[in-house]
1. Compute the helix-to-body angle for 606-617: its Cα long axis versus the longest principal axis of the chain, expressed 0 to 90° and rounded to tens.
2. Specify which residue in the list SER226, GLN195, LEU250 is farthest towards the positive end of the charge dipole of segment 192-286, using unit charges on the beta carbon of Lys, Arg (+1) and Asp, Glu (-1), about the Cα centre.
3. Quick one: Kirkwood hydrodynamic radius for the chain, alpha-carbon pairs, angstrom, one decimal?
4. P(r) for segment 482-529, please, calculated from all Cα pair distances in 5 Å bins and given in %.
5. Less than 13 Å Cβ to Cβ from LYS715, Lys/Arg counted +1 and Asp/Glu -1: what total charge do the surrounding residues give?
6. So what is the relative contact order of the chain, in percent, for Cα pairs below 8 Å that sit 6 or more residues apart?
7. What percentages make up the Cα-Cα pair-distance distribution of segment 441-569 when the bins are 5 Å wide from 0?
8. For ILE645, which sequence-distant residues (separation of 5 or more, or a different chain) have an amide H within less than 5 Å of its own amide H, given hydrogens modelled in the peptide plane?
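The values are calculated or read from the model by the stated rules, or taken from the named source; none is laboratory data. All figures in this text were calculated on a predicted structure; none of them were measured in a lab. Cβ coordinates were reconstructed from backbone atoms using ideal geometry, including for glycine residues, and neighbour counts include every protein chain displayed. The accessibility values were calculated without ligands, DNA or RNA, using every heavy atom of the protein model including side chains. Shrake-Rupley method; radii C 1.70, N 1.55, O 1.52, S 1.80 Å.
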Amino acid sequence: MKKTMFLAIVALLFASCGNREMSFEKSWDSVNERVWVGAEFWPNRLQDWKIQNGRLECIAGNPRLLMRTAHLINSRLADEAGEFFASVDFGALQAIQNSDAAGGFLVGAGPELDVWGASLVQQKPGPGAGLFAGITASGELFIKDMESNEVLDSTESGLSENNTLILEAIPENSKYRLTLKSGNNTVTLPEVDKQRLAGNIALVSHPGLGDDTGTFWFNHLEISGSKLIWLENTAGPVISTQYTLSKDILKLTAQMAPISKSDPQEAGLEMQKDGAWEEISKTEIITPGYTATFKVNNWDSAADIPYRVKYNYRSSENNNETAYWYGTIGHDPVEKEEIVVAGFTGNHNIAHPGLSGTEGEFNFDLSGIWYPHKDIVNNIKIHKPDVLFFSGDQVYEGDSPTFPDKENYELDYLYKWYLYCLAYRDLTKEIPTISIPDDHDVYQGNLWGQSGRPANIDNEGGYVHPAWFVQMVERTQCSNLPDPYDPTPVDQDIGVYYTSLNYGGIGFAVLEDRKFKSGCADNPFITTGRPDHVIDPQFDVRKIDLPGKTLLGKRQLDFLETWGTDWEDQEMKIALSQTIFANMATHHGGNLFRLIADIDSNGWPQTGRNKAIDALRKAFVFHLAGDQHLASIVHHGIENWGDGIYSFCVPSVANFYPRAWWPESIGKDRPENAPQNMGQHKDGFGNLVTVYGVTNPTGFTKVSTGKEPLALHDKMPGYGIVKMNKRNRTIQMECWPRWSDPATDSQYEGWPKTINQMDNYGRKAAAYLPVLKIEGTENPVVSIQDEKSGEVIYSLRIKGNEFKPKVFKQGSYKITLTDTENDIQKVIEGVLPAQKAEEALYVEF
């Protein structure tokens, strides 16, 4: 077949019999040198493939990395009768002594998965791994069953500097004749079951085991046939977008593929206006990380505005191509009575252990590939959230899907970060998104940031990996957030991202509860086992609440104090962070061993934990977070049970390290027939918690969900939904199993639960000030201040024009009432607690 020398030309041909036939051709002859393979491919891994020397080269010769695959994502083999043809030029990059090394085609990979899930097939044989048709370094032409790891047919052929492999599949009766040709040599499988020729198509470079491993190059790829189906998928040059909209400022980050240094280093943002596209911004693509962040002031927040990111690049010889990524910036939904926030955490992509080892078969069948999380994405579309919140561990550095590559930090992170981007991009391009990194995102098992200092091991406090890597991770995940409250960097010039945004009449505080937290390695009282795990039931946990240990830093507490009194364009408030302020797990790990306390949790340090809760309760703030692998509803207490805020920890998208909550004590004041782990308890650090719901894994309850795959669902994965109702001033928490249908199925036990906004400062009143009766404005902001100390006791936007302020001790108070819409303020000083219930203060605006 004649070779054509151009990039990504797709033609639809119609045979005389009327069957629709697709053909696709790809050449890399004159493409600029780069890591990004092209929009039509997903490479495993990103750093294993490169365009150079006018061809596609697999540069991974590590025997730990077998079966390097570059999957086509724009087409695959249908589970229907039809013909298939593939051709590619290829050869070895060096003289190879390892006879096991080979290159060629993989066909029929992941037939039960969609093209994205199947695109992770690599490394090992196993169920659904397809048929490998290629040539070995010793010149053997072969077809190998990657399910059984057996060669089905082979012949001596010879490997020259430039070879052409031709693969044909022709239906005969109910079977297929599969033929592989190279030069004058042929191998044929006369009777291949049709189900073996359904699924993905990939190029393969297999280095071989042991010494003298080999790598291979490819060019002039052609595929065609009526068995192919066309898929409108791309992976770059724009991978995805995330944006926020607050106070008429749009921040949007386009995640780019690893473009060539010879291509333009900037991208454009266009908006649709009166039916035409208008460029409104250009920005530099920042490396490392390949991010393009646009900031547009004076955005029209009242309109739904289509946008597109534009990028020009060289796709082939004399061919400058323009790529677009489309989305819509929805209007700020201030008119909605209820704002819906969807919460996620722990984004594992495959079952554990993963694809890193070189020995044995897949540790799972293809039901162990959970990416691209379509079940969750489809469910989220049903909920129609206004905001998406990813609380951390969007990336897992180990075995999700491959081991952490410390020699290629940037590309290894991007390989895994792109999986997140691709899975959720249909949501993030349309819905404001807040994503914040946690420990695994920065390739650490745990993270005590200790204001950004360098560390040798994580529990020392600080960052184990280079500062530029941390900066890159935060840029990819957080640069679409509003500008930080105080942008002053921490140690090593690592930035901060704690900030606020107003959207839909809700005030959001985004916290960095890991960056300022103290490390624990210098704790003088824990002398056995891990320094972050208290295992001795006789240990006095009060000893480790040491002076100088911080949870939220002073800068964050100052931010919360300011934000808590700022109610402009806000009717309710919610705080978002990596995890909740409690130690809500009594059992850890695969064996669910009992652990007294976990210093990685935000139950420690206790003094810092109490400061955080006190800062939040002063503004009646609800708290949404993740990380714990165990969903929970907790009403936090400081001096007494329930005198603080409510928190909702959402379940993991997928979970390997289960946790459970089953304290030995029996909970007090729990609902009738509720199990003993509900109600009033002390967590492992002695913090007061009132528990209303947890999702203990089936390994603890001994009762399976019965939902396949059990390795996924028995660890209770899912997502959270929070509904902030401005009309009723209520907050409803929902916790949905991953397998559920929101239209027909139930939530996890303990959900849904609805609370009132005022429950987030559940502290009992010692007295009440006179009833405020207000005329001339609706829903003003009321601030109560202790006149003697100057402390703001609390601040909130009331509902209506009447409010009875509670106080917690006798004294004299200053009341400030603010009409934020008209910027009018009324101050009443010297207010004493009411002597009679009907006593009132009348305020006129």
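1. Long axis of 606-617 versus the principal axis of the chain: about 80 degrees.
2. Value: GLN195.
3. Values: mean 1/r = 0.0345 Å⁻¹.
Result for the chain stands at 29.0 Å.
4. 5, 16, 18, 17, 12, 10, 10, 6, 4, 2, 0
5. Values: positive: ARG659, LYS707, ARG738; negative: ASP714.
Residues close to LYS715 contribute a combined charge of +2.
6. Working: 2309 pairs, mean separation 76.3, N = 845.
Value for the chain: 9 percent.
7. 2, 10, 17, 19, 17, 13, 10, 7, 4, 1, 0
8. Under 5 Å from the amide H of ILE645 lie the amide H atoms of HIS636, each far enough along the sequence or on another chain.
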